[in-house]
Amino acid sequence: YQDSDTDEVKYFDGMTTYTLGFGASNGAFPSVWDGAVAWIGEGVGSDLTRSEIFFWKNGTTQRLTDDDDTPAGIDDAQPSVWNDMVLWSRHTDGLFTAPRLVLWDGADTSQLTQTGGDFPSFHNGQVAWVDGGQLYLADVVKVLGDCNGDTIVDLADYADFASCLAGPTAPLTP
């Protein structure tokens with residue numbers, strides 16, 4: 001959440017409240033998923049359209065964007081975090097063009113759309129967004145061997161796979 005008195009973004013894990021950093025004074029719009037937080041913070045510029053995307057997990061903060069010193073300013077907005085990845089909306093030349101969707105996968109940043117990308121939402125590998133009054137949905141993350149759709153190949157996937165192979169009534173063998 002964003003503290004209304006200090007503009008600091010805070011995260012409460014059920015036992016401890018962590019102060020993550022300052023959010024943009026016009027709204028940090030924090031997004032939380034499984035102990036990871038993404039939010040809008042002000043960079044070195046004071047113009048409210050020059051906002052940056054920050055990501056925090058396990059006591060470490062990363063600044064995902066650093067483009068507030070460009071002449072027109074780039075408005076990074078509406079972060080949505082899922083599975084340690086962050087999706088957000090970006091106006092590439094101030095607020096005069098339709099925003100684009102941008103995804104940070106934990107290492108690299110990629111622009112997902114050429115036009116459109118307002119009000120993004122990201123969950124279970126799917127992205128939803130608005131463009132021209134229409135709602136769009138697309139699969140963004142597919143992982144080979146990920147049977148349960150959590151983008152991680154682990155023992156839970158093997159159990160689902162083995163169960164399917166064995167059939168609904170056959171006993172499973174190790």
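Rule-based calculations on the coordinates, nothing more; no lab input. Remember, predicted model here, so these are calculated numbers, not experimental data.
Observations on the model:
- Taking amide H as placed 1.01 Å from N in the peptide plane, Phe22 has its amide H under 5 Å from the amide H of Val9, each at least 5 places away in sequence or on another chain.
- The 3J(HN,Hα) values that the Karplus relation (6.51, -1.76, 1.60; θ = phi - 60°) gives for the stretch 76-88 are, in residue order, 9, 9, 6, x, 9, 9, 7, 6, 6, 10, 10, 10, 8 Hz. Gly and Pro appear as x.
- Taking amide H as placed 1.01 Å from N in the peptide plane, Arg100 has its amide H under 5 Å from the amide H of Arg90, His91, Thr92, each at least 5 places away in sequence or on another chain.
- Amide H partners (placed H, <5 Å) of Trp82, local residues excluded: Leu87
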